[in-house]
1. Out of 120, 175, 88, 111, I need the residue that is more than 11 Å from the ligand (Cβ to nearest atom), in contact (Cβ under 8 Å) with a residue 60 or more places away in the chain and in the same structural domain as residue 59 (by TED's automatic domain parsing). Which one?
2. Residue check: is residue 278 assigned by TED's automatic domain parsing to the domain that holds residue 328, surrounded by 14 or more Cβ atoms within 10 Å (Cβ to Cβ), away from the ligand (no atom under 16 Å from the Cβ) and over 20 Å from residue 33 (Cα atoms)?
3. Which residues, taken from the range 200-213, are more than 12 Å from the ligand (Cβ to nearest atom) and more than 17 Å from residue 113 (Cβ to Cβ)?
4. For the range 302-313, which residues satisfy the criterion of being in contact with a helix residue (DSSP H, G or I) (Cβ under 6 Å, 6 or more places away or on another chain) and not in a helix (DSSP H, G or I)?
5. Out of the residues in the range 204-229 that are crowded, with 23+ Cβ neighbours inside 10 Å and over 28 Å from residue 46 (Cα atoms), which is nearest to the chain's Cα centre (by Cα)?
6. With (1) surrounded by 24 or more Cβ atoms within 10 Å (Cβ to Cβ); (2) in a strand (DSSP E or B) as the list, and residue 126 as the residue in question, which single condition is left unmet?
Ligand SMILES: Cc1ncc(COP(=O)(O)O)c(C=O)c1O
């Protein structure tokens, strides 16, 4: 008998290993997280909810789902709760994409689109953001759609370019046979959303996360929205308990503190302007961003820049494997941006 072998789709995959240790105690401008933390109300709710007895029970979402539905302006049967956006992508792919089906992703973009599509054995069709401007390549994307396309996975705004597409309707209209995901992980910083289109397009899926503006990346919770008939299929392909009880409690508490989130968004938007001004002053080429991060051309070798900043206690992310010479910095508070700019200046001089 032959030896145990993983599926060929898994064997073909390149290893993906994002840095996942050694970040404690540093200024974390590498993962586009909230850099100050979740609302204190989230912690209070968790402290109230956690007990030995409560931990013994499988999670229920009877309070969280209606609360989130109200917050997002949809009905409870128009979304699933997910273990972060990552599980939302996985469930969408598992529900709609078969071995050898085509999935269109953009380049560069969030790595998990390729990851879950490859695990599923899909044929990946990659469309590049426009060279130089890094604008959304709408015409190129439309030209890539074929009858075999079953998924189109779009980050809007896009990580790491920061660029966005304002109107996704041409994509939805051109691919009625494909599940079109609009991943709105950074929605609060861009104000651009496809959620109001949900009623009009049977093939539209929108994801949101609690990992970014809400400061809850560790909790792993997100939502995937679509028409109720699609959501019923998604449920069928999803584990019934993938969002744990503390995460469900935390999400409900987080949406109740709108002032906290609004305040953080205001701070980041001001800090983002400050970041542009600082980079401009240092003569560092960068792209205007709709997210809480800025992509720039490193004035020294990207690897060296990341290592030097790390030595000063600041983490940023090398993106030069995707766009030569570039590094991405997360925008946190004005003070944090100033610290980053000061270290960058010291490095250049
Ligand atoms: C576009 C995009 N979507 C999703 C995520 C991660 O989402 P989650 O933590 O909800 O899985 C990220 C994180 O960097 C991202 O950039």
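1. On the way: 175 fails: in contact (Cβ under 8 Å) with a residue 60 or more places away in the chain; 88 fails: more than 11 Å from the ligand (Cβ to nearest atom); 111 fails: more than 11 Å from the ligand (Cβ to nearest atom).
Just one listed residue meets the conditions, 120.
2. yes
3. Listed by number, the residues that qualify are 200, 201, 202.
4. Matches in the range 302-313: 312 only.
5. At the first step, the residues of the range 204-229 found to be crowded, with 23+ Cβ neighbours inside 10 Å are 204-210, 212-214, 216, 219, 221-226.
Restricting the remaining residues to those that are over 28 Å from residue 46 (Cα atoms) gives 204-205, 226.
Numbers: 204: 17, 205: 14, 226: 18 Å.
Once the filter is applied, the top-ranked residue is 205.
6. (1)
Conditions tested, residue by residue: (1) within 16 Å of the ligand (Cβ to nearest atom); (2) out of contact with any strand residue (DSSP E or B) (no Cβ under 9 Å at 6 or more places or on another chain); (3) outside the structural domain of residue 328 (by TED's automatic domain parsing).
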{"position": "135", "(1), (2), (3)": "no, yes, yes"}
{"position": "150", "(1), (2), (3)": "no, no, yes"}
{"position": "161", "(1), (2), (3)": "yes, no, yes"}
{"position": "166", "(1), (2), (3)": "no, yes, yes"}
{"position": "184", "(1), (2), (3)": "yes, no, yes"}
{"position": "198", "(1), (2), (3)": "no, no, yes"}
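The values are calculated or read from the model by the stated rules, or taken from the named source; none is laboratory data. The shown structure was predicted, so the numbers you read here are calculated from the model rather than taken from an experiment. Cβ sites come from the backbone with ideal geometry, for glycine too, and all protein chains shown count toward neighbours.
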